[in-house]
Amino acid sequence: MTTQTQYSIPSHFDTQRVGEVWCVPYQERAAQAKAWAKQQGLQPAAKDKTRLCLMAIDVQNTFCIPGFELFVGGRLGNGAVEDNQRLCQFIYRNLDVITEIAPTMDTHTAMQIFHPGFWVNDAGEHPTPMTMISLADVQQGVWKVNPAIAYSLTQGNYMVLQRFALHYTHRLSDNGKYPLTIWPYHAMLGGIGHALVSAVEEACFFHAIARNSQTNFEIKGGNPLTENYSVLRPEVLDSADGRPIAQKNTRFIQKLLEFDAVIIAGQAKSHCVAWTIDDLLTEIQAQDPSLAKKVYLLEDCTSPVVVPGVVDFTDQANAAFQRFADAGMQVVKSTEAIASWTGINL
């Protein structure tokens, strides 16, 4: 293991603005990034002998800015903002060794299976956000597919959608997944909530220019008939009659596993982060369980879903991270030098 220089943070970064939305001054930051790279002697990412990927999961306004649709506050109330303050600092301090940044982008439209408008009860009411729809609820008709959306999703074939709803909740139950959760409308394609947090976007852009390394955006969640917590695999892959409706992200899985290390941060620890790591671990165990040791989880750059008085997924998130650690993945802090992590040789 070699020593590592941790760089100072460029003067444009303002930790107090991480919880706000603003326009990144791209041309100005590009010039500053070029000058910073020259001043610090940064080499293009293509010359990295040890290749590190930072996967930033769903670091979007919808999850990370107070007042937006699904702000992840954690138990202390300001989780995602503080996580992103540390994440930005981590990127700037480690510009020279992060080969590529891969932000995942939760991407939705109005009529999706986890949004209120997809469902109705006998009174014609839609479920409120955070309602859990179980297999029994669908079997007993407590919640039914909204007939009005059949025109947009199945050319008017309502019975196909209703059969699929039963199949879908059955699959979730059989596979030990969370029950179908009705979320507030969020991460809406074309909306401001879909965008990366401005400070994180700025850090990714600065890295791209300084290291000549294209930011690798991974889009997920656009299929109206399945949740897609994990960027690597939708929750349900087939229809009621066995036809495929989605597939796992084999291309991205293989790309990740080709790096010497994969560093993971983002939101929310209990859902999209945990499910993505779980799917990555499944692929690793199928290929070579020893690969787990090259996955590093930034425990101080992620928080669980907590809605005070409604739901608290902290314990489930912590249990998942413990399971990942038991499988060989390494739980680390962003404030530690990457070179101090076991197995990283820079």
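Seen against the Cα atoms of the chain and their longest principal axis, helix 158-174 is set at about 60 degrees. Equivalent-ellipsoid semi-axes for region 162-270 (Cα gyration tensor, √(5λ), whole Å, largest first): 31, 18, 12.
Where [x] 63, 38, 36; [y] 62, 50, 38; [z] 66, 43, 38 are the candidate values, the label of the one calculated here for Cα extents along the principal axes in Å is [z]. Between the listed residues G79, Y7, Y26, the Cα displaced farthest toward the positive end of the dipole of region 1-149, a dipole computed from Cβ unit charges relative to the Cα centre, is found at Y7.
With Cα atoms defining each centre, region 129-188 and region 1-76 are spaced 38 Å apart in the structure.
What do you get for Rg/Rh over region 269-346 if you use C-alpha atoms and the Kirkwood form of Rh? Present the calculation step by step, with values, prior to reporting the outcome.
On the way: Rg = 13.6 Å, Rh = 13.4 Å.
That ratio is 1.02, to two decimals.
For the chain, what's the relative contact order in percent, using C-alpha pairs closer than 8 Å and at least 6 residues apart?
Values: 662 pairs, mean separation 86.8, N = 346.
It rounds to 25 percent for the chain.
Keeping all protein chains in place and using 1.4 angstrom, which order do F71, F324 fall into by accessible surface area, from largest down? Intermediate values should be presented prior to the final figure.
Details: F71 50, F324 0 Å².
Largest accessible area first, the residues go F71, F324.
Each DSSP beta bridge with both residues in the chain is either parallel or antiparallel, and the antiparallel ones are about 30%. Pick from V231, V331, V311 the residue whose mean-square fluctuation is largest in a GNM of the chain, springs joining Cα atoms under 10 Å. Of V231, V331, V311, the Gaussian network model singles out V311 as fluctuating most. Selection among H207, N223, Y168 by position relative to the dipole of region 160-234 gives Y168 as farthest towards the positive end (Cβ unit charges, Cα centre).
Please give the charge dipole size of the chain, origin at the Cα centre, charges +1 on K and R Cβ atoms and -1 on D and E Cβ atoms. Round to the nearest 20 debye.
Working: 26 positive and 34 negative charges, 163 e Å.
About 780 debye.
Using C-alpha pairs below 8 Å separated by at least 6 residues, the relative contact order for region 250-346 is 31 percent. Quick one: helix 314-326 against the long Cα principal axis of the chain, what's the angle to the nearest 10°, folded into 0 to 90? Taking Cα atoms only, the helix is inclined about 60 degrees.
Projecting the Cα positions of Q316, H126, G328 onto the charge dipole of the chain (unit charges on Cβ atoms of Lys, Arg, Asp and Glu, taken about the Cα centre) puts G328 furthest along the positive direction. Relative intensity of region 90-249 on a log10 scale, I(q)/I(0) at q = 0.19, 0.20 Å⁻¹, equals -1.15, -1.25, per a Debye sum over C-alpha point scatterers of equal strength in the absence of solvent. Measuring with a 1.4 angstrom probe and ignoring ligands and nucleic acids, S152 comes out at about 60 Å² accessible. In the chain, the longest principal axis of the Cα atoms and the axis of helix 26-40 are about 40 degrees apart.
Classify region 133-189 as rounded, prolate or oblate from the Cα gyration tensor: take a ≥ b ≥ c as the square roots of its eigenvalues, call it rounded if a/c is under 1.5, otherwise prolate when a/b beats b/c and oblate if not.
Values: a/c = 1.90, a/b = 1.20, b/c = 1.58.
Note, shape of region 133-189 comes out oblate.
Summing Cβ point charges (Lys, Arg +1; Asp, Glu -1) relative to the Cα centre of region 1-148 gives a dipole of roughly 780 debye.
What number, in percent, do you get for the relative contact order of region 17-156 if the mean sequence gap of Cα pairs under 8 Å and at least 6 apart is divided by its residue count? Intermediate values should be presented prior to the final figure.
Values: 127 pairs, mean separation 28.9, N = 140.
Taking the mean separation of contacting Cα pairs over the length of region 17-156, I get 21 percent.
Annotation note: chymotrypsin sites (Phe, Trp or Tyr not before Pro) in region 166-251 located in DSSP loop regions with a Cβ neighbour count of at most 13 within 10 Å are F217.
Given a 1.4 Å probe and the protein chains as shown, T154 ends up with an accessible area of around 20 Å².
The values are calculated or read from the model by the stated rules, or taken from the named source; none is laboratory data. Every value quoted in this text rests on a predicted model; they were computed, and no experiment measured them. Don't worry about glycine lacking a Cβ; one is built from the backbone with ideal geometry, like all the others, and counts go over all protein chains shown. What goes into the accessible areas is simple: the full protein's heavy atoms, side chains included, and nothing from ligands, DNA or RNA. Shrake-Rupley method; radii C 1.70, N 1.55, O 1.52, S 1.80 Å.
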